[in-house]
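Asker: Pasting in a structure now, in structure tokens, and then I'll have a few things to ask.
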Amino acid sequence: MNTIHTTPQSCAHHGGEFEPERVWDQQFFNSSVPFLWSSSPPHPFAQATVGEIWLHAHSQYQVTIDPLNSTSEPLEARMITFHSEIAKCVVGPVSGADFNELLPKVKGEDSPSKEIEGLTAQLNNLKPELKMYKPLVRALRNTSSHGCITHWQYQVDAFNALCSKLHFEDVHKSPTTFHDIEIKPDINVYDKKTEQLVANLEVKIQESCDPFDLEDQVPGGLQPGTEAKRTLGQITSYATAHQGSFFQTHVFSALIFPTYLRFMRWDRSGVVYTKKLPFSGPNIAIFFRRLSAASPAQRGYDTTVVPFKGSQEESRKIRMDLGHLDSKASLLKISIDNKDYVIAEDQEHGSVSPIGRSTRCFKAYCLKRRDLVLLKDTWRIVSPSLKPEHEIYAKLKEHEVTHIPEVYQGADVGSDTDSHHITQTALWAEKFELDISLRTLRHYRMVLEYLPYKLEQFNTTTELVGALRDASLAHSKAATDAQVLHRDISVGNIMMKRVDGVLRGYLIDWDLSLDMSLPDTVAAQDERT
């Protein structure tokens, strides 16, 4: 029987509220408590188990469920949050052949791969999970037994010859952090030339850890067990970190078991997953061969963001204007139509949520204007009731709404037929006639005048009250004169700058505003985050 433990340290931290080293029956933690919830709409934990509710309420406890993995790890409440966010945005199971159509075909892709086909026999005899990594890495790339990415000691076999542009690295002992969340996939896939992260692979021993319907019969079906839910939260956190740590339009990952593998494609609308693909079949080798040959854009990298290659003097000046005195700070060039902007690479990460707009605002240097601007990178919701944000600002300016920033440029990224900059998960749901409602989002950028101060950076109460008054005036005039309701007022959406020595407030982020002049037949967006 699996058990859940609380440590003496965690109990002491909360005043001895629970008994130290108390052992909780796993069956009790997996039981549901529907009688607790009678609200309408249903509470997010309406279908939660006792264990999930307990973990959410006591997220500071050091809680482990054993066995879930090769090692005992804290079962964090954040994993439950990741699970709950993505659970209604899951599309599948799709066949391996259909999934592989996401990438272009390559010559000889369906030739047999003895290394892949022989993995089942090897993996079934290797337990715990830690011992599975090396045969997986060896089958997917040529490398030495100690996993060094620069020492190749074996002859190139049929599979590795077609994966020559990728290398696979055992990274389970090298965790990173994303918004203070530990990110620790088992195997990372890198581009051999650029060292860019291409995908990550997670390895599990027990099928009870598979988050998806084991029979592959229920569309979007998820297993109800705690282990399965934790795995979904875990792989969702990895995909979220991959998208948020870099400039990605989508990312790929895989979940590996001793007898089969599942591929996944993640974007800002959700995730598409495959059926259980046996190692004896052709689809695993075909996918990795295609992934190896794919372009950076096809792999999910946003090719409108590239390293800035200005002169040494120009780079030094831009770094100083951006506030980065370190001469080694990397600079990136971001393109919007025919204009280029430069940002420091180490600025804000993307959203901690796996779905939604993932808005990032950068202090940027405009190469044409030769001054600082505010560059907003987001995924706007495609809806009849939501206009692109620069069009909203234009309407506000037309009605002389004050205390809003000047807009220099706004545009969708890519063309209308560019599938990389438009989320695809909803299209897959429609293709397979799944009864779920998913949003389609479009990659979008806008450039505003630079506002140097956040609301909380006021010096006096007078400055704070003045900034709030300015934002209130903008909100009021927009609603009454322009018939535009902001709908997303928050501390982060009020910025400040000094005008004639006086700190003034500006109301920003109008992308979720409602144009009240639209016909009643156009429904307001029901999800606004």
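The values are calculated or read from the model by the stated rules, or taken from the named source; none is laboratory data. Quick caveat, the model's predicted, so the values are computed rather than measured. Side chains are part of the model used for accessible areas, which takes the heavy atoms of the whole protein and leaves out ligands, DNA and RNA. Shrake-Rupley method; radii C 1.70, N 1.55, O 1.52, S 1.80 Å.
Asker: Skipping prolines and chain starts, which residues have an amide H placed within reach, meaning under 5 Å, of the one on Leu166, given they are 5 or more residues away or on another chain?
Answerer: Here the answer is Lys192, since their amide H atoms fall under 5 Å of that of Leu166.
Asker: While we're on this one: For the pairs Lys368/Lys397; Lys165/Lys275; Lys328/Lys387; Lys454/Lys477, flag any whose C-alpha to C-alpha distance is greater than 29 Å.
Answerer: Numbers: Lys368/Lys397 24 Å; Lys165/Lys275 27 Å; Lys328/Lys387 40 Å; Lys454/Lys477 22 Å.
With Cα atoms farther than 29 Å apart: Lys328/Lys387.
Asker: Given a 1.4 angstrom probe, I'd like the percentage of the accessible area of the stretch 305-413 that is carbon and sulfur, rounded to a whole number. Don't skip to the answer; put the middle values down first.
Answerer: Values: 2480 of 5230 Å².
Carbon with sulfur: 47 percent of the solvent-accessible area.
Asker: Same structure, new question: How big is the Cα convex hull of the stretch 339-447 in projection, averaged over all directions, in nm²? Provide the component values of the computation, followed by the final result.
Answerer: Numbers: hull surface 35.6 nm².
Averaged projected hull area, Cα only: 8.9 nm².
Asker: Can I ask one more? Sort all Cα-Cα distances of the stretch 247-400 into consecutive 5 angstrom bins from zero, then give the percent of pairs in each bin up to the one containing the longest distance.
Answerer: All Cα pairs considered, the percentages come to 2, 7, 13, 14, 14, 13, 12, 10, 7, 4, 3, 1, 0, 0.
Asker: Quick one: which of Lys105/Lys193; Lys173/Lys333; Lys192/Lys333 span more than 26 angstrom between C-alpha atoms? Mind dumping the intermediate values first?
Answerer: Details: Lys105/Lys193 21 Å; Lys173/Lys333 33 Å; Lys192/Lys333 23 Å.
Pairs exceeding 26 Å: Lys173/Lys333.
Asker: Averaged per residue, what accessible surface does the stretch 295-350 expose to a 1.4 Å probe, in Å²?
Answerer: Numbers: 3170 Å² over 56 residues.
Heavy-atom SASA per residue in the stretch 295-350 reads 57 Å².
Asker: At 1.4 Å probe size, with every protein chain present, just tell me what the per residue accessible area of the stretch 414-466 comes to in Å².
Answerer: On the way: 2870 Å² over 53 residues.
Here the residues of the stretch 414-466 average 54 Å² of exposed surface.
Asker: Got the relative contact order for the stretch 325-438 handy, in percent, Cα pairs under 8 Å and 6 or more residues apart?
Answerer: Values: 107 pairs, mean separation 17.6, N = 114.
Worked out over the stretch 325-438, it gives 15 percent.
Asker: Let me ask another. Taking the Cα atoms of the stretch 302-346 alone, what are Rg (to one decimal) and Dmax (as a whole number) in Å?
Answerer: 10.3, 30
Asker: In Å and on Cα atoms, what radius of gyration and Dmax does the stretch 184-234 show?
Answerer: Here Rg and the maximum Cα pair distance are 14.1, 42 Å.
Asker: Reported to two decimal places, what Rg/Rh ratio describes the stretch 208-311 when computed on Cα atoms with Rh from the Kirkwood expression? Please list the in-between numbers first.
Answerer: Working: Rg = 15.9 Å, Rh = 15.3 Å.
Across the stretch 208-311, the Cα-based Rg/Rh ratio is 1.04.
Asker: Let me ask something else. Near the amide H of Tyr408, under 5 Å away, which other amide H atoms are found, from residues 5 or more places off or on another chain, if H is placed in the peptide plane?
Answerer: Under 5 Å from the amide H of Tyr408 lie the amide H atoms of Val447, Leu448, Glu449, each far enough along the sequence or on another chain.
Asker: While we're looking at this one, here's another question. Please state the relative contact order of the stretch 263-397 as a whole percent: Cα pairs under 8 Å, 6+ residues apart?
Answerer: Working: 153 pairs, mean separation 22.9, N = 135.
Averaging sequence separation for qualifying contacts and normalising by length gives 17 percent for the stretch 263-397.
Asker: Rounded to whole Hz and in sequence order, give me ³J(HN,Hα) for the stretch 309-319 from the Karplus expression 6.51 cos²θ - 1.76 cosθ + 1.60, θ = phi - 60°, writing x for Gly and Pro.
Answerer: Those phi angles translate into 10, x, 5, 4, 5, 5, 5, 4, 5, 5, 4 Hz.
Asker: To continue, here is another question. Run down the lysines and flag those whose C-alpha is under 21 Å from the C-alpha of Lys276, throwing out any fewer than 8 positions away in its chain.
Answerer: Lys88, Lys114, Lys127, Lys204, Lys229, Lys431
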